[in-house]
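Each remark here refers to the structure printed beneath this line.
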Amino acid sequence: MMIAMVAVAFTAQAQTKFHDVEVNEAQGAVKKITTNVMGQAQVVSFDQNGKQTEGLNDAKYDANGYLQSAKRTMFQGQETTINYKWENGKIVSQSMEMMGNQIVTKLTYNDKGAVAAQSMDFGGQAMEMPYTDYKYDAKGNWISRKMSMMGQEMEQTRTIEYYE
């Protein structure tokens, strides 16, 4: 019985070559994440190796499949490079230059491994966004949470499709 549990745990950890699913705050054999924020739907799809299938250009990975940098099309069609810093399989910060300003986002995690807060530094001006009231699906990924930004509370919801 113990050997079977260890084999299952090892399989769950070793199932993807790339870790783009984790960039999107999820885990497991995720096929697609559809997130709704302020009435806007955003869809991110992944192949069976865990690699995001669109939206990332010139993606660079380390030897273990963790995304180190990628170009993304942001506001007004402007392409920017985002650099990622990882610790223990989770992103701890990401940085990019936008409209001449360096933007650094730092993430802290709660005891379940979900983002507890995100702090953004826009060239010296900081903004903190806490996340609360998480709801999870049967596979342990969040499907609903509340975020607070500049005194406004908003709910983010998402649906996740998995490879079976």
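Yes or no: MET129 open to solvent by 70 Å² or more (accessible area, probe 1.4 Å) and aliphatic (A, V, I, L, M)?
Numbers: open to solvent by 70 Å² or more (accessible area, probe 1.4 Å): no; aliphatic (A, V, I, L, M): yes.
So MET129 does not fit the description; no.
Look at the range 70-96 and say how many of its residues are touching a Phe, Trp or Tyr at 6+ places or on another chain (Cβ under 7 Å) and open to solvent by less than 30 Å² (accessible area, probe 1.4 Å). Adding up the residues that qualify gives 1.
Scanning the range 17-67 for residues that are open to solvent by 60 Å² or more (accessible area, probe 1.4 Å) and among the aliphatic types (A, V, I, L, M), which turns out nearest to GLY140 (Cα to Cα)? The selected residue is VAL43.
Residues in the range 119-163 that are farther than 30 Å from GLY100 by Cβ and charged (D, E, K, R): ASP133, LYS135, ASP137, LYS139, ARG145, LYS146, GLU153, GLU155, ARG158, GLU161. The residues of the range 61-75 that are over 25 Å from ARG145 (Cα atoms), over 16 Å from the mean Cα position of the chain (by Cα) and of a type outside the set (Asp, Glu), listed by number, are ALA63, ASN64, THR73.
The one condition from (1) over 12 Å from the mean Cα position of the chain (by Cα); (2) of a type in the set (S, T, N, Q); (3) part of a strand (DSSP E or B) that THR35 does not meet is (1).
The values are calculated or read from the model by the stated rules, or taken from the named source; none is laboratory data. Only a predicted model underlies this, so the values are computations on that prediction, with no experimental measurement involved. Cβ coordinates were reconstructed from backbone atoms using ideal geometry, including for glycine residues, and neighbour counts include every protein chain displayed. SASA here: full protein model, heavy atoms, side chains in, ligands and nucleic acids out. Shrake-Rupley method; radii C 1.70, N 1.55, O 1.52, S 1.80 Å.
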